[in-house]
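*Asks:* Got a structure for you, written out below as structure tokens; questions coming shortly.
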Amino acid sequence: MDSLVSLIGDGFVMSAADTASARSVLVMKDDLDKIVHLDTRKLLSVSGEWGDAVQFTEFVQANVQLYQLRTGITLSTKGVAGFTRNELAKAIRKSPVAVNMLLAGYDDQAGPSLYYLDYLGTCHPMDYTAQGYASFFVLSTLDRHWHKGMTVDEATDLMRKCIAEIKVRFTINQPKFIVKVVDKDGVRTVDL
């Protein structure tokens, strides 16, 4: 029952996620941050079975940090996407994890980038995307209103439209969302 939405703007990536932890008819928590900081310029938004999600994101986060400690080099967003995709592909043959992700990052040479990853090991660069039930409702809004070179204010307005669409059309109540932006200055939280 997770909703994740991300989009690329002019020099940044904006990611939003609902903050509810629910199972069946119960809401266990309403302040869960589903957007994990992998390093100072990378965010991993995660949805799926929460045990798998926590275990897998901690595994990716630890390996990204281990790579930097061993080599002194920070992995690019594309490198993290490739590593994560490879681990998902390996897991599907041994012990599948029910996790879908959106990887957002900023690199000095490549600029902002966004990757769609799912539990089957699919990895695809995107300009905008959604995961979970949100994708049923917001992809058409993103198709209509997203354009290259969006400013932070334009992206914030578009994210507001997407969240409003989820609140109107989705039968399950998702009252709170957290929104984060990653750019050359790092990661920050944006108030809607």
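Quick note: the coordinates plus some simple rules give every number you see, no bench work behind them. Here the structure is a predicted model, which means the values were calculated and not measured. Note that we place each Cβ from the backbone using ideal geometry, even for glycine, and neighbour counts take in every protein chain shown.
*Asks:* Averaged across orientations, what area in nm² does the convex hull of the alpha carbons in region 64-106 project?
*Replies:* Details: hull surface 14.1 nm².
Orientation-averaged projected area of the Cα hull: 3.5 nm².
*Asks:* Given 0.36 nm per residue, what is the gain on full extension from E49 to I73 after removing their alpha carbon distance, in nm?
*Replies:* Numbers: separation 24, 0.36 × 24 = 8.64 nm, distance 3.20 nm.
5.4 nm is the gain from fully extending E49 to I73.
*Asks:* Answer with a single label: of [x] 47; [y] 61; [z] 38, which was calculated as percent of Cα pairs over 23 Å apart from the structure in view?
*Replies:* Looking at percent of Cα pairs over 23 Å apart for this model, the match is [z].
*Asks:* Using a Cα-Cα cut-off of under 15 Å, which aspartates and glutamates could be cross-linked to K94, ignoring same-chain neighbours fewer than 8 residues away?
*Replies:* Candidates past the 8-residue exclusion: D52.
*Asks:* Now a separate question. Taking 8 Å as the Cα distance limit and 6 or more residues as the minimum spacing, I'd like the relative contact order of the chain as a percentage.
*Replies:* The normalised contact order for the chain reaches 31 percent.
*Asks:* Now a separate question. Figure the gain on full extension for T189 and N63 (residue separation times 0.36 nm, minus the Cα-Cα span) and round it to one decimal in nm.
*Replies:* 42.9 nm
*Asks:* Have a look at region 82-142 and give its Rg and Dmax from the Cα atoms, expressed in angstrom.
*Replies:* 13.0, 38
*Asks:* Another question, then. Which order do the peptides 152-160, 99-107, 58-66, 77-85 come out in when sorted by mean C-beta neighbours inside 10 angstrom, highest first? The partial results should precede the final answer.
*Replies:* Working: 152-160: 17.6, 99-107: 25.4, 58-66: 15.2, 77-85: 19.9.
Top of the packing list down: 99-107, 77-85, 152-160, 58-66.
*Asks:* To continue, here is another question. Given K29/K167; K29/K161; K29/K176, which pairs have Cα atoms separated by over 23 Å? The partial results should precede the final answer.
*Replies:* Working: K29/K167 18 Å; K29/K161 25 Å; K29/K176 11 Å.
Violating the 23 Å limit, Cα to Cα: K29/K161.
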